[in-house]
Structure formats: C-alpha cells, structure tokens
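Enquirer: Here it is: the structure, laid out below.
The values are calculated or read from the model by the stated rules, or taken from the named source; none is laboratory data. Every value quoted in this text rests on a predicted model; they were computed, and no experiment measured them. Reconstructed Cβ throughout: ideal geometry from the backbone, glycine too, with neighbour counts over all protein chains shown. The protein model used for the area step is the full one, side chains on, heavy atoms only, and it has no ligands, DNA or RNA in it. Shrake-Rupley method; radii C 1.70, N 1.55, O 1.52, S 1.80 Å.
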Amino acid sequence: MKKILFIEDDPIILKVFQSRLAEEHLDIIVAIDSDEGLRKAKTEHPDLIVLDIFMGEKSGLDTFAALRAEEKSGARIPVIILSTDDREETRKKAEELGIEDYFVKGLVSLREIVARIQEILA
Amino acid sequence: MSDDGKKTELQYARDTIASMLASIREGVIITDGTGTILAANPVTELLTGILPTELIGKGIEEMMTFACDNDDVSDFFEESLRGWRALELPKNCSITPKGGKARIPVAANATPLFNPEGAYTGVVFVLRDLTEEVNARNRQYQFLSFVSHQLRAPIASLRLGLEMLLDKKERLVPETHEILRDLYDITTRFSGLIKELLNITRLAEGRVEFRQDSIDVRDLGPFLTQEFERLATSNNITFSSFADSETPLMMVGDKERMLDVLRNLVANAIFYNKPRGEVVIRGRLTHSKEVETIAARTGAGLQIGEYLRHFSSTEKEKNMILIEVADTGLGIPASDQPRIFESFFRARNVVKRGIHGTGLGLSIVKSIVEHLNGRIMFESKEDKGTTFYIIFPSIT
C-alpha cells in the first residue's frame, strides 16, 4: 500500500483526505507541524508528501528546504504543495526546491488533487 | 488718495498674500518664466529640505529631486515652464528632501502666470505631502489583506469538505444534495472573492511582479478558448478569440497578467450576455490617430490625449496594438458608465438580474493594463452590448 504523508494542521482538510484517499486504498500518515513532518518524512518513508507551507509561526518553506537538504540525491520524495499562500514568489521558491505541483487552497477541487496524487503514485 | 496711501495699500496686499502663503499647508513656489524661483513659502522647507530664503534665485528643476515610478519628471518641468497650460505631476511620485533619506510621497501642480497684457511670466508650483493619505491607504490594504488570508483557510476546508460529501451523491436524499450543492457554489464564489481581494491589495501595494517579456498577444487566444469554450457553450454563446488576427502583435509584457486581463473581460462578457449572444476578442495593429478617434468616441479623449503625449512622434507613427473584447450582452446603463472601474462598483442592471460578481474585476483589469503601459476604454449601450478597447505600445 502506498503511503502519503500530510504535513497539515487543518483538521477538516485532514479528515477529508483521510476519508477520500482511503477509497483509493492509500495509507495516510499525518503530521500537524513542521518538526513532526520532518521526522516522519525520514522514519515513515512516504511515497509522496502533501505539504502546507502556511502553518503557524515556522515557515513551511524552511521545513521543505531542510527536508530536501537531508535527502540523498536520487532519493527525493515527490512533494505537492497545498497552501493558502498564492504568492508568485512562494511558488517560485517551492519550485526551486523541487515540487510535483502547487495547489492553492480554496482554488482547487478535491477531484483535481486526488487525480494528481494518483498520477504521481502510478 | 496720496502716494503714501497707495504704498500702504500695496504693502497691505503684499502682507496679506505673504500671510496666506505662510499659513497654507501646501508648499508653494513661484518662479519666473525660465524657472528661477522668486518666492517660496515655509512649508517648502519640509519638502525640499532647503530654507525658502535659500531657494530664491535658484532654478526650480535643480532644487526638486522628484522620483516617479511611472513617468519622466523632467517632462513635468519642461512642459510647465513652457507656460502653455496647467499641469499635474504624474501619480506615485515622491520627493527626497536635501539631507534627508526618506522619500515623501507628493502631489504637485503647476499653473502658468500671465501679466495683464496676457504674456507668460512664470509658474506657481503647489506641492502637497501625501504621507498621511498613503499611510491610511496602506493600513486599509493591510487590513484587507489580513482578513482575506484569515478567511481563505476556513473557506478552503469548507469547499473540500462539501465536495467530498457531494461525491457521495447516491447516499444523500435529493434535498440534502441540493442544499450541499448550493453551499458548495457559495464557497466557490467566496474563494473567488478572496482571490480578487488579495489581487487588488497586491496590485495597489505594488507587490505584483510584472515580467517584461516580448509576447505575441495572439498566443493568449488558445488559453482563453480552452478556458472559456465550455462556459460559453453552456450559456449558449459563441466565443472566438483572435480568430482573424494574421499579423504578429508583439508587445512587452507579462503573459500571465495579460491573461488575467482578458479572462476578466471574457468572463464578464459571457456572464452579462444574452442567450445566443456573441463574445469576440479581436487584435490588430493600429496607429495613434485611430486610438484618438476611439478615445473621442468613448469619452476618453482627455485621458488618452495625455497618454499619447508621452510617446515621441516616431513612436506614434509606429504601430500600437489594439485589442477589442466585444459582447452582445446586457450593456452598461449610461448613468453607471463613469463608475465601472471603481472597486466594488456593480452596474444596476446586472445586480437586478441576480448575476453574482464582486465588483473588483474591472478595477483589477484597469490597474494591470496601466501597469503594462497600456490604457483601457469602452463603449456600451444598454441591451445592445459592450466593447472594451485596450491599447498597448507595439514592438512589432
């Protein structure tokens, strides 16, 4: 079973994805802050990370950069950003770190995200 | 009246003028016809960092260190000192006082002076410190931006949650499904509103990056067709985008921002249309003469005249790009036409029909077009339709 790590602090979004992705027979691991996210990215070996970069005080982009810095080249975990931050400069920074896709919360449908997740994991 | 009496009267008039100048909150500088400063009131010191007594006898152009983000300042002085007409410094200009570091946002006017024989003798410059106004406006935008961000997260959760529930249609009674569908539509609209609010605050605060690429406007056509064909068809409207534009329409601009402009206009043209209506985007090269004709017809003559003044005569002879977005829709009532580019303004006839919208789209469109060194005009007739005209300098 493929594993997806959600680094996300919004309980409703987590519930929605847990329910929806279970139907796709995907295993969801949850981290509700950056530190937990970094730890689980290492210990749980997820096939994909869905990352919110607008959480609390600590910048999600820093978390992301730290994650990429620790990865061995050639063993990069695919990352999808799902965030309320729609600024062009944030998207650019994320793209430089290597992402599969960047979705803005509120402007993307569940269907689109699920389709993209399936595509990446196929 | 004796000679002494006359002197006193003259003295009195002079003193009155001096007191008036000293007590007004604007900086006032009077020059002769060549720009040499003859008089300056005390407020000018706050703006220029130079004592009024030291300003006198100096050339105005050297004493004023304006910085403008959108136009040439020397134009303002050159033109004003010709004494032909009253002028305004372009928007978003600031002045740096001598010895000071911080720029002060200012507005400035120049009015020519004439002697009793009608000969041009000098100019009155009036400078106004806009710091307070700019700060107030920034606070407003910061608040708007903060609120929009705070709203975005819960609305996003709502929307995703509702979408998931709607996907379980077979388990819902029809009434429940219908209500959830309505709620979903509301959250979708709300997300759109937040997006536009954030766009407008960013544009107003100058936080939007504009790329300076060479783009062919016609290349935007396929994107628009892909995005709007379905919507147009479902509203029973024919849509075509740059269908017969054969020559390249090259301009310096930002493709994404240009798409924002056309998306907004096309969406309006579709939503505010009638069944079996038509929406057409046309693009072609034109010249300043035709632009002036359109401007005169659409009541934008003054604004466009001022805009064209900044092009050199060779640039004017060169081509300009004209993009038209025309619909056969509801049109804009004549009384509402002067206000359509204002934020949050919505025309009465579309509100009455219950067509949803934020009233921000056209304000965003205008702001982007002007950032890209273009201008927008329109003509509209209620029940007949609306055509927007956008002009840009061409680099073809």
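Enquirer: Please identify the pairs in which a residue from segment B:235-248 that is without any contact (Cβ under 8 Å) to a residue 12 or more places away in the chain has its Cβ atom under 7 Å from the Cβ atom of a residue that is of a type in the set (G, A, S), counting only partners at least 6 apart or on another chain.
Expert: Once the first residue is without any contact (Cβ under 8 Å) to a residue 12 or more places away in the chain and sits in segment B:235-248, no partner that is of a type in the set (G, A, S) comes close enough.
Enquirer: Mind checking which residues of segment A:1-16 are open to solvent by 10 Å² or more (accessible area, probe 1.4 Å) and facing chain B (nearest Cβ under 10 Å)?
Expert: A:D9, A:D10, A:P11, A:I12, A:L14, A:K15
Enquirer: Looking at B:L203, B:L183, which is the one that is open to solvent by 40 Å² or more (accessible area, probe 1.4 Å) and more than 9 Å from chain A (Cβ to nearest Cβ)?
Expert: After ruling out the rest, the residue left standing is B:L183.
Enquirer: Still on this structure, I have one more. Suppose we keep only residues that are of a type in the set (D, E) and within 14 Å of chain B (Cβ to nearest Cβ) within segment A:17-69. Which one would you say is nearest to the chain's Cα centre (by Cα)?
Expert: A:D52
Enquirer: Please go through (1) of a type outside the set (D, E); (2) free of Cβ contacts under 8 Å to residues at least 12 places away in the same chain; (3) loosely packed, with under 12 Cβ neighbours inside 10 Å for B:T176 and return the number of the only condition it doesn't satisfy.
Expert: (3)
Enquirer: Moving to a separate point now. Is it fair to say B:R218 is among the charged types (D, E, K, R), within 13 Å of chain A (Cβ to nearest Cβ) and either surrounded by 15 or more Cβ atoms within 10 Å (Cβ to Cβ) or under 28 Å from the mean Cα position of the chain (by Cα) (or both)?
Expert: The answer is no for B:R218.
Enquirer: Just to confirm my filter: which strands (runs of 3 or more DSSP E) fall fully inside segment B:15-96 and include at least 2 residues that are surrounded by 20 or more Cβ atoms within 10 Å (Cβ to Cβ)?
Expert: Output list reads B:27-32, B:37-40, B:93-95.
Enquirer: Something else about it: Would you pick out the residues in segment B:117-155 that are under 29 Å from B:V43 (Cβ atoms), open to solvent by 80 Å² or more (accessible area, probe 1.4 Å) and either within 14 Å of another protein chain (Cβ to nearest Cβ) or outside any helix (DSSP H, G or I) (or both)?
Expert: Across segment B:117-155, the qualifying residue is only B:R128.
Enquirer: Further question on the same structure: Of all the strands (runs of 3 or more DSSP E) wholly in segment A:10-122, which have at least 1 residues that are not hydrophobic (A, V, I, L, M, F, W, C)?
Expert: A:27-31, A:79-83, A:101-104
Enquirer: Any chance segment B:299-306 includes a residue that's assigned to a strand (DSSP E or B), crowded, with 19+ Cβ neighbours inside 10 Å and under 19 Å from the mean Cα position of the chain (by Cα)?
Expert: Taking segment B:299-306 and keeping what is assigned to a strand (DSSP E or B), we get none.
Within segment B:299-306, none of the residues are assigned to a strand (DSSP E or B), crowded, with 19+ Cβ neighbours inside 10 Å and under 19 Å from the mean Cα position of the chain (by Cα).
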